[in-house]
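Student: I'd like to ask you about the structure that follows.
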Amino acid sequence: MMIAGAIALVLVVSAIVGWAVNSNRQPAAAPPDYSSEASAVTSTVQNAMTTYGLQSVIVRVTKGNDVVTEQAFGMSMTGVPATTDMHFRNGAVAFEYISTLLMEYVDAGTVSLDDTIDHWSPELPESNQITLKMLANQTTGYPDFESDPNWNAAYNADPFHEFTYAERIGYAFDRPMEFAPGTNWSYSHTNFMILGDILAKIGGQPLATLLQDKVLTPMGLTQTAGYDTAYIPEPVLHAFSSERRVALGVPSDTTFTEESTYWNPAWGTPMGAAESTDIQDMTTTAAAVGTGSLLTDASFHAMTDSNLIGFGQKLPVCGGSCFTQSNGYNYGLGVVRSGPWILQNPQLSGYSATEAYLPSQQLSIAVAVTYAPSAFTATGTYPNSSDTMFRLIGAQLAGADAPPTK
């Protein structure tokens, strides 16, 4: 009886202690409910697809570690719906990776942004005046080979051709400098083509290897890689374009698009940095670049701060590629600043893809689009609709920090 009584007492005490412990526990916090935000994004995308003539849209929005929404709309090609795991071209997003690699070398003390490029490329015009920083912030005065009529003719004749570094240099410097180094701003693919070549010399390895080892893998990107060919891994978001309409002599009143998925993208980015990606890696990139996760604080600010607002002017020699930097669009080092947002918004070969980050709200937005025939003008041009959609979505989600409208 004494043993039974002792056991009963222990059970009562244990129950009381257990009740006391449990009563002090706080209930687990419920995960944030983003259903209203996701619904708003869905409505925005569906309306925009009709307004802007889009064939497909893939969108992903994250806030900190939370996924607000990830969705795919429309068709990759006839009978094949777009899906969120599809790969697409990322174009100038690679400029962010290249600039990050540059700033890693600055952090290591290997180079300075003020180093002139004659140390690596003495054969280039004004190489003893042009600095690494000028290449990265587009102030060299080097002509853009992409605006050269001969390059355009060659590209339109064979969009599958891989343009070598020497070919691109030849097209770029068939024309004189557009302005004295450091005196104006002009978007030029030539700058990053040269910067990529120099970084490969500094690192002693191919640029694709350096980017993979020092940037892409440390950022946690698993679906982003550079290729020398037009290869793009499955599953593929297919693209269609009308941009060769004039070159091919297609009448303006004739509906015309052609598949551009496998046009070689190795022309607008440095050798080894023609990349494909997916929508998850795009939001991961936005946050990694937008927080400077691989850089010191000083290098992060050097790369992303709005240092050029009010700088630059239009000149006849560089057409629409040179203009005064504004709050709505100003260039850092390989990144675009638009108000408080840090972004890249490339457009090429029927693809348009924008990734953007708002530091104050830890908000990442990534949008990739392809185009239906109605998106193209009578001359084959088309708008950067992923950038437009990012701004529409940002206006819904960011409140007072909405992206500036153009």
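The numbers here are math on the coordinates, done by the rules we state, and not lab data. Owing to the predicted nature of the structure, the values given are computational and were not obtained by experimental measurement. Neighbour counts run over all protein chains shown; Cβ positions are idealised from the backbone, glycine included.
Student: Which label belongs to the value computed from this structure, given these candidates for Cα extents along the principal axes in Å: [x] 93, 48, 44; [y] 127, 62, 43; [z] 106, 55, 38?
Tutor: Answer label, from the structure shown: [z].
Student: May I pose another question? How do the peptides 274-282, 103-111 rank, highest first, by the average count of neighbouring beta carbon atoms within 10 Å per residue?
Tutor: Numbers: 274-282: 25.3, 103-111: 16.1.
Those peptides, ordered most packed to least, come out 274-282, 103-111.
Student: Measure nothing but the geometry: give the 0 to 90° angle between the long axis through the Cα atoms of 279-291 and the longest principal axis through the Cα atoms of the chain, rounded to 10°.
Tutor: 90 degrees
Student: Angle check, please: helix 385-397 long axis (alpha carbons) against the longest principal axis of the chain (alpha carbons), in degrees 0 to 90, nearest 10.
Tutor: Between helix and principal axis, roughly 30 degrees.
Student: Number of Lys-Lys pairs in the chain under 20 Å by Cα, sequence gap 8 or more or different chains? Spell out each step's value before the answer.
Tutor: Values: Lys133/Lys201; Lys133/Lys214; Lys201/Lys214; Lys314/Lys406.
Going through the chain pair by pair, I get 4.
Student: Continuing with this model, one more query. Can you give me the relative contact order of the chain as a percent, contacts being Cα pairs under 8 Å and 6 or more apart?
Tutor: Relative contact order comes out at 21 percent.
Student: Which one of Pro233, Ala38, Met193 has its Cα pushed farthest toward the positive end of the charge dipole of the chain, where Lys and Arg give +1 and Asp and Glu give -1 at the Cβ?
Tutor: Ala38
Student: Which residues' amide hydrogens lie under 5 Å from the amide hydrogen of Val68, considering only partners 5 or more residues apart or on another chain, with H built in the peptide plane?
Tutor: Val61, Thr62, Lys63
Student: Under the Karplus relation 6.51 cos²θ - 1.76 cosθ + 1.60, θ = phi - 60°, what is the ordered set of whole-Hz ³J(HN,Hα) values for the stretch 29-43, x standing for Gly and Pro?
Tutor: Calculated HN-Hα couplings, in order: 5, 6, x, x, 9, 9, 4, 5, 5, 5, 5, 5, 5, 4, 4 Hz.
Student: Using mean Cβ contacts within 10 Å as the protection proxy, how do 341-352, 380-391 order, highest first?
Tutor: Values: 341-352: 23.8, 380-391: 20.8.
So the order, starting with the most tightly packed, is 341-352, 380-391.
Student: Quick one: order Phe88, Phe160, Phe179 by neighbouring beta-carbon count within 10 Å, fewest to most.
Tutor: Details: Phe88 27, Phe160 10, Phe179 19.
If I rank by nearby Cβ atoms, fewest first, I get Phe160, Phe179, Phe88.
Student: Determine, from the Cβ-Cβ distance of Val236 and Ala154 and an R0 of 22 Å, the FRET efficiency 1/(1 + (r/R0)^6), rounded to the nearest 0.05. Working shown, then result.
Tutor: Working: r = 26 Å, r/R0 = 1.17.
Result of the calculation: an efficiency of 0.30.
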